[in-house]
Structure formats: C-alpha cells, structure tokens
Amino acid sequence: MMNLYIKNMVCNRCIMVVKQELEILGLKPIRVSMGEAELKKQLSAKQMQQLNSRLLQLGFEILDDKKQKQIEKIKSLLIKKVQSGDVEEHFSISEYLSNALHKDYSYISRLFSEVEGITVEQFFILQKTEKVKELLVYGEQNLSEISFLLGYSSVAHLSAQFKKVTGLTPSQFKKIGSTNRKSLDSVQNKKL
C-alpha cells in the first residue's frame, strides 16, 4: 500500500476530482479523503510523475516533504471540523489535533507557524469566517444559529471576530453578498 498526501485537496469536489484522476490512470485507490489518497500498490517514478503532472493541471500537488504532509493533515482536520458545522462552544484545537495526530500540541503549533507564517488558531478562525460567509450567503440560518454551529459563545463574539477578519459586520457582508467569498484552499496565509 501507498499513501499520497495531496496539497489543496480541501473539499468534497476536490476528493471526487482526485479520485477520478487516479481511476483514469488505472491506479484504483482504496480510499480518497481530504488531503490524502491510499493506493493498493507503490507507484513507479514514471507513474508518480504522470500523476503529479495531471494533478498540477487541476490545482493539486503531491507532497513529498514530511513537514508539508503534516501541515496538510492539520489543515484538512481543521477544515473538516469547520465544514461539519459541529464545533462545540469550548472546542479545544490543541486537544483535537493532539488526539488526531498523536503528537504534542506544542510541536504541531510550532511546525504550523514555522511553515505557514500564521498560528493554527488564526488558520482556524479564517476557516470559520469563510464558513460564516457561506452560511450568510445561503441565508438558511440566522446569526444565532450560525454562532452555535461554529462554537462561538455568542452572536457578539462571532460578529466581533468576523469584523476583525473581514472589516465588515455580518449584516454588512450579507448586503454585499457572495462577491467577497474565497475558496477554502485560498484561505491560508492571511495574518489576523
């Protein structure tokens, strides 16, 4: 078996596209999940080059650096948590990542900051902000429901954090609409 770690694979559509490319190349994946694909057998250098070339054309990249693989795993876990809409009010990023990765949080945090130039917490806030934007644009939930889904202690906390990141209140953003949204894979290195 072989595990591939793939950069920019951050949504269900990405998973579908990567799985389709693997199947087109006859690589028959066992499992494809956010940021990762598990194959039945090792790839030859030629197959690896061919796959990487195809994935690059689609905006993805096979990661070969151990640190970068860890970073993608961290991002993938955090994005998945935000997208689930099931963030508890007292959600602990450190506990969540330590348990999921079986690593000390100080190592995870230091590595992430060193490679990405922002903290894990800042990345998580940026992801939550984009999810708030998405939910505001779809208009199916009010701010109170959104704050509950994403683990904010109150609507005021959500609004303050949203304004700090975007420069707009949630209601101002809602008036503007979806022109201010970003794709999840582009929400990475903005400092708060």
Restricting to the stretch 84-122, count the residues that are within 21 Å of residue 5 (Cβ to Cβ), open to solvent by less than 60 Å² (accessible area, probe 1.4 Å) and polar (S, T, N, Q). 3
Scan the stretch 43-83 residue by residue and report those that are part of a helix (DSSP H, G or I), open to solvent by 40 Å² or more (accessible area, probe 1.4 Å), charged (D, E, K, R) and touching a helix residue (DSSP H, G or I) at 6+ places or on another chain (Cβ under 8 Å). 54, 67, 73
Can you name every residue in the stretch 21-42 that is in a helix (DSSP H, G or I) and either of a type in the set (A, V, I, L, M) or surrounded by 13 or more Cβ atoms within 10 Å (Cβ to Cβ) (or both)? 21, 22, 24
Of the residues 144, 153, only one is open to solvent by 40 Å² or more (accessible area, probe 1.4 Å), in a helix (DSSP H, G or I) and either touching a residue at least 40 places away in the same chain (Cβ under 8 Å) or farther than 14 Å from residue 81 by Cα (or both); which? 144
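Given the criteria more than 15 Å from residue 150 (Cα to Cα) and among the β-branched types (Val, Ile, Thr), does residue 71 qualify? Let's see the steps before the verdict.
On the way: more than 15 Å from residue 150 (Cα to Cα): yes; among the β-branched types (Val, Ile, Thr): yes.
Here the answer is yes, as residue 71 does meet what is asked.
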Between a residue in the stretch 13-41 that is farther than 16 Å from residue 1 by Cα and any residue that is in a helix (DSSP H, G or I) and among the acidic types (Asp, Glu), which pairs come within a Cβ distance under 7 Å, given they are 6 or more apart or on different chains? 35/72
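The values are calculated or read from the model by the stated rules, or taken from the named source; none is laboratory data. Just so it is clear, the structure is predicted and the values come from calculations on it, not from any experiment. We place every Cβ from the backbone using ideal geometry, glycine too, and count neighbours over all the protein chains shown. The accessibility values were calculated without ligands, DNA or RNA, using every heavy atom of the protein model including side chains. Shrake-Rupley method; radii C 1.70, N 1.55, O 1.52, S 1.80 Å.
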